[in-house]
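Everything on this sheet refers to the single structure shown next.
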């Protein structure tokens with residue numbers, strides 16, 4: 001457990017002062033719906049890009065993936081590289097023009113324009129539920145981590161952080177969330193990168209670290225030919241199709257939590273550059289997460305270090321790897337900074353969920369269903385009330401998570417239920433003008449049902465060995481492998497059903513699809529922009545860096 | 001930190017300010033430890049690298065760069 005001194009407490013308190021100060025400063029800029037829900041649509045690609053990445057970079061992800069590295073080793077890097085970068089580049093190059101140019105407030109808003117109200121409401125409700133669940137579990141884990149690592153009271157840390165988030169999002173809306181996400185980005189690097197640097201130094205450098213890691217955990221692709229040769233129990237096909245294509249594209253191109261940040265950009269070129277800028281920072285994150293995880297694994301094997309126990313299961317808890325390393329390396333002051341970085345990560349992740357939730361609820365459920373003629377001022381008021389209600393519902397979810405510990409097992413699967421089939425719907429909607437509203441709605445519903453059904457069948461042993469092999473290409477797939485394959489099946493079912501139903505139903509007239517579908521939308525900017533300002537150029541650079549990293553750690 | 005009425009302070013300036021305050025506090029604490037020549041707790045490892053001195057110095061350098069970015073007109077919102 002970490003013992004904090006006065007200096008550490010001062011550093012933590014300063015963070016709270018800073019973010020409340022940001023909320024108060026931004027309040028006067030968030031009195032219109034454009035300011036509150038869209039962040040004013042005036043950000044550069046740097047601001048939107050870092051916020052885009054940070055919205056995904058909650059401490060849950062950092063602690064969780066560092067802990068997962070103890071189990072899967074270098075394979076966790078796939079979540080940052082092949083499982084993220086191609087999708088982010090695809091979003092910037094090909095999908096953003098449709099999103100940004102249609103001036104929508106949200107992803108369900110696009111579905112309404114492209115298809116109809118049914119698909120919008122289906123996605124809005126599933127997204128809202130997913131966001132609240134993620135938000136509550138995030139809050140629960142934050143409180144649990146701080147209880148185990150610092151001895152903080154579970155209820156106090158949860159309510160204080162929830163109240164703080166409610167204050168600054170209610171005041172400044174999306175812009176507050178974006179500002180704190182950028183502060184969080186710098187704090188995470190300042191507070192946690194040093195853990196990896198000191199850890200890698202202690203074990204003798206990166207080469208020595210990898211040489212001492214078991215072969216089934218030390219490579220990205222060399223052991224991916226056979227599921228039994230690697231710690232994740234998955235083949236390259238599962239990684240490429242399940243993670244690299246379906247889950248990754250499903251999350252990065254359709255999850256409104258991250259895409260909303262790009263909508264705050266000042267123009268289309270900045271919006272297109274947003275995910276491309278973010279991709280460079282994303283590629284660097286394994287330095288912290290996987291680096292710290294492998295260091296912990298090595299020190300644990302040497303008997304130098306042990307995990308803290310989970311307070312409920314009373315078994316060693318992988319998520320405590322980074323806090324234990326903080327206690328090992330950080331003296332007074334730096335320990336406070338490390339804890340602040342974790343706190344900032346948790347709170348920014350929470351704020352991201354809440355700001356996305358208030359937009360989708362206000363525009364795609366409240367305005368669409370209950371009050372179609374609501375004024376601008378009324379929508380901002382609803383957004384502010386929704387923020388507080390959303391936070392309270394997150395707290396309720398957090399208490400439920402405490403009562404039903406197995407709820408956390410669902411985290412990994414949630415994205416495959418909601419986002420994986422949605423990616424098939426969006427892909428067909430944007431690139432195939434023949435895709436119909438009925439095809440999209442029923443295809444999406446079938447895809448979501450397929451993912452959920454496979455999840456239940458695999459987890460509760462409803463399928464025979466032959467069916468399990470057919471579905472996952474492995475006799476005993478890991479939880480992660482199951483998630484990758486159920487996402488892939490959800491995508492296939494949604495895609496196939498949408499195409500089949502579209503072919504026998506009536507499409508929208510082409511004049512209603514202008515700006516929403518490729519072939520009916522003017523090409524994005526190019527000509528007069530210098531090479532260094534072109535999204536395509538930076539996407540090629542990012543792709544080259546991705547290939548180099550994969551070859552290095554092959 | 002000065003700003004014109006009604007204008008939004010750049011996010012780079014906010015970030016720079018936070019890093020500068022943290023960097024200054026941590027550097028002062030690190031230098032005091034160095035000057036006092038006090039032995040670190042036995043549970044702390046890698047203290048011979050003096051990360052508590054050079055890491056805050058790097059934070060201050062990054063904050064200076066962010067201040068410059070904030071002043072050069074990059075908008076925070």
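Nothing in this text is a laboratory measurement; each read-out follows from the coordinates by a stated rule. Computed from a predicted structure; not experimentally measured. Cβ atoms come from the backbone with ideal geometry, glycine included; neighbour counts cover every protein chain shown.
Each stretch of four or more DSSP H residues adds -39500 (n - 2.57); spread over every residue of chain A, this sum gives -22000 deg cm²/dmol at 222 nm.
Panel order for A:435, A:494, by other beta carbons found within 10 Å of each beta carbon, from fewest to most: A:435, A:494. Debye-formula intensities of the protein assembly as shown, expressed as log10 I(q)/I(0) at q = 0.05, 0.06, 0.08, 0.11 Å⁻¹, are -0.21, -0.30, -0.55, -1.09 (one equal scatterer per alpha-carbon, no solvent). Between residue A:503 and residue A:551, the simple label model (points 7 Å from Cα in the Cβ direction) yields a spacing of 4.2 nm. Between the helical axis of B:11-36 and the longest alpha-carbon principal axis of chain B there is an angle of about 20 degrees. Listed by Cβ neighbour count within 10 Å, with the fewest neighbours leading, A:57, A:241, A:24, A:6 appear as A:6, A:24, A:241, A:57. Label-to-label distance for residue A:531 and residue A:1 is 6.0 nm, based on points extended 7 Å past Cα in the beta-carbon direction. I'd like the distance separating the alpha-carbon centroids of the range B:20-50 and the range A:431-476, in whole Å. Value for the Cα centre distance between the two parts: 55 Å.
In this structure, residue A:385 and residue A:102 have a Cβ-Cβ separation that, at R0 = 22 Å, corresponds to a calculated FRET efficiency of about 0.20.
Taken residue by residue and averaged, Cβ atoms of other chains lying within 10 Å of the Cβ of A:44-56 number 2. Per-residue mean of foreign Cβ neighbours for A:185-191 is 5 (Cβ atoms of other chains, 10 Å radius). Ordering A:448-461, A:130-143 by mean Cβ neighbour count within 10 Å, with the highest value first, yields A:130-143, A:448-461. Among the residues of B:41-53, the average count of other protein chain beta-carbon atoms within 10 Å of the residue beta-carbon is 4. The packing ranking, built from the mean of other Cβ atoms within 10 Å per residue, places the peptides A:331-342, B:54-65 in the order A:331-342, B:54-65, highest first. Taking the fewest neighbouring Cβ atoms within 10 Å as the starting point, the ordered list for A:26, B:44 is B:44, A:26.
Listed highest first by mean packing, meaning other Cβ atoms within 10 Å per residue, what order do A:263-269, A:71-77, A:516-522 come in? Mind dumping the intermediate values first?
Numbers: A:263-269: 20.4, A:71-77: 24.1, A:516-522: 14.9.
Highest-to-lowest ranking by the protection proxy: A:71-77, A:263-269, A:516-522.
With both labels modelled 7 Å from their Cα along Cα-to-Cβ, the residue A:163 to residue A:211 distance reads 5.5 nm.
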